[in-house]
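Below: the structure, in structure tokens.
Computed from the coordinates by the stated procedures, all read-outs in this text should not be read as laboratory data. Note that the structure is predicted; figures quoted are calculated from it, not measured. Here the Cβ is made from the backbone with ideal geometry for all residues, glycine too, and neighbour counts use every protein chain on show.
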Amino acid sequence: MYTVKEAAQITGLTEHAIRFYTDKGLVPSVQRNENNIRMFDEESINWLHGVKCLKQSGMPIEAIKVYVDLCLEGDSTIPQRYALMMEHKESARMKLEEAKRHMAHLEEKTDLYQAIMEHRSLDTTNPVNWSRIQHMHGDVFYSPSVLKA
């Protein structure tokens, strides 16, 4: 049996994370000794490794709890676990696409700032200047009152 500190050394998780995961019910096999101290056997260590793996994939704690509960029900839940992984994969793909859009926008912004610093462009980044600037760049949506100015 291992203490929280030993489990942390084995798994590479922090003691705080291990306590958090056990409190959330993500380590169903964790035991307590006569002093109510958490004690971990090999199965508990395996659960911690599994939780760490899922957490590293970006899976939220709530979804990990669903996964743990499904695992405890046995092999009949493999299709549900697969569906859970597919949902998580799609969520990660959507976040990646969003991050790519953010990067493209930031590339445009940093290029614009470079042009401003090199005096190749007016400062269209400061809203204070917008009423005096007639030109518009792609990421600015002027309200009708500004367009009339």
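Each peptide among 99-108, 44-53 gets the average number of other Cβ atoms lying within 10 Å of its residues, and from highest to lowest they stand as 44-53, 99-108.
Principal-axis analysis of the Cα atoms of the chain puts helix 78-117 at an angle of about 30° to the longest axis. Ranked by the mean number of other Cβ atoms within 10 Å per residue, highest first, peptides 123-129, 68-74 order as 68-74, 123-129.
Given R₀ = 22 Å, FRET efficiency for residue 43-residue 91 by Cβ-Cβ distance, to 0.05? Please report the intermediate quantities before stating the final value.
Numbers: r = 29 Å, r/R0 = 1.32.
After rounding, the FRET efficiency stands at 0.15.
Taking R0 as 25 Å, what FRET efficiency do you get between residue 103 and residue 9 from their Cβ-Cβ distance, rounded to the nearest 0.05? Efficiency for this residue pair is about 0.10.
Of all aspartates and glutamates in the structure, those lying under 17 Å Cα to Cα from residue 5, and not within fewer than 8 positions of it along the same chain, are 15, 23, 41, 42, 43. Straight-line cross-link reach from residue 89 at under 28 Å between alpha-carbon atoms covers these lysines, not counting any fewer than eight positions away in the same chain: 24, 52, 55, 65, 100.
Using only the Cα atoms, what convex hull volume per residue in Å³ does the stretch 16-60 have?
Numbers: hull volume 2.8 nm³, N = 45.
It is 63 Å³ per residue.
Convex hull volume of the C-alpha atoms in the chain, normalised per residue: 191 Å³.
Treating each Cα of the stretch 1-83 as an identical point scatterer and summing with the Debye formula, the log10 of I(q)/I(0) at q = 0.12, 0.21, 0.27 Å⁻¹ comes to -0.34, -0.95, -1.38.
Over the chain, dividing the summed -39,500 (n - 2.57) contributions of all DSSP H runs of at least 4 residues by the number of residues returns a 222 nm mean residue ellipticity of -20000 deg cm²/dmol.
Across the chain, C-alpha contacts under 8 Å between residues 6 or more apart give a mean separation that, scaled by the residue count, equals a relative contact order of 13 percent.
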